[in-house]
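What follows is a single structure, written as structure tokens, with notes after it.
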Amino acid sequence: MTDDNPVNESQQEPQSIDRMEASVTNAFVGPHGVRAGWRLLIYIAMVVVVGAIVTMAIVKLAGRPRGTPGPVALLGQEVLGFAIVIGAAWIMSRIERRSVGEYGLPADELFGRKFWLGFSFGLVEIVALMGLISAFGGYSFGTLALEGSAIFKWGLFHLILFTFVGFFEEFLFRGYMQYTLADGIGFWPAAILLSVGFGAVHLGNPGEGLMGAAGVVMVALLFCFSLKRSGSLWYAVGLHASFDWGETYLFSVPNSGTFMQGHLSNAVLHGPTWLTGGTVGPEGSVFCFLTLALQFLVVNWFFPAKRKETASGEVMVQG
């Protein structure tokens, strides 16, 4: 008895191999190039490896640090951290054939209107927040901790420090990773996931707590909202820098559980934790959630949602 449709085994094997190769290719490459998940893993691997190499080199040259790093060492960490994350993004931009500015920090907006607008409202927010805490008896400015030229020098130092904190933290969580993860799962799912991660990282700070971490998550979502509406991270960097500067230096209170050297006054937070934030600082106060809610309205006002007309003539609101 013979087979009516004989199949040559030598023909079957190439077809199976072709299907396997196609499956592997589809897992790594989509219609727009390498899939977002793999690009993100490559970026994270570069940041981790380069960060580890730089850390080992510093330890070998300067020795292992003891205790909490001082302000100068912290500035060095933030500058190096930003250099690593932006450098890895630049390499990815060459691979992906796009400008590194597309990941959130376009050079043509360098310290432009968006940065200073965010900087201004960061100062307004910290002044309003500390004003509310003070009005309920939770804050005292105290005596000056600095004198003469030290007031200016430390004020400028902290301004530079927290500008780099803004650059590093904003680009790390809302730069390349936000851009690429959003390409895979959508903007807001990516924003929520990375914002929760941002809050979780802050739990590692000494003195940080769950309320403070929740506030950090809300801050992160605000920064994502400003990215979505303004099209860049410059507003977020400015707001981040000035709020942290006002909190740490000007009002001399803990910043996410950290109390730093070189603060302006011998300020004191006193009263219930719900009011002052306790060891967390004002970011753990209930009033922080109020001022953050107002910040969403500010961003909505200055950067209204874009309207796009469809082919059928309907108007769609984006963002």
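Throughout, read-outs are computed from the coordinates displayed, never taken from laboratory work. Since the model is a prediction, treat every value here as computed from it, not as a measurement. Methodologically, a virtual Cβ is constructed for each residue, glycine included, from the backbone with ideal geometry; neighbour enumeration extends over all protein chains shown.
Sites listed here are chymotrypsin sites (Phe, Trp or Tyr not before Pro) in region 76-159 whose DSSP assignment is loop and whose Cβ has at most 16 other Cβ atoms within 10 Å: PHE111, PHE136, PHE141.
Ignoring solvent entirely, what values of log10 I(q)/I(0) come out of the Debye formula for region 108-318 at 0.17 Å⁻¹ when each Cα is a single scatterer? Ignoring solvent entirely, the Cα scatterers give -1.18. Footprinting exposure proxy ranking of ASP108, ASP244, ASP183, fewest other C-beta atoms within 10 angstrom first, gives ASP108, ASP183, ASP244. In this simple spin-label model, placing a label point 7 Å from the Cα along the Cα-to-Cβ direction at both LEU210 and ALA107 gives a separation of 4.8 nm. Label separation (VAL48 vs LEU297): 4.4 nm, computed from points 7 Å beyond Cα along the C-beta direction.
Count neighbours as other Cβ atoms within 10 Å of each site's Cβ, and list the trypsin sites (Lys or Arg not before Pro) in region 46-130 that are DSSP loop with at most 11 such neighbours.
On the way: sites: LYS60, ARG66, ARG94, ARG97, ARG98, ARG113, LYS114; in loops: ARG66, ARG97, ARG98.
Those satisfying the criteria are ARG66, ARG97.
Would you mind ranking GLU247, GLU102 by Cβ crowding within 10 Å, fewest neighbours first? Write out the running numbers ahead of the final one.
Values: GLU247 25, GLU102 14.
Result, fewest neighbours first: GLU102, GLU247.
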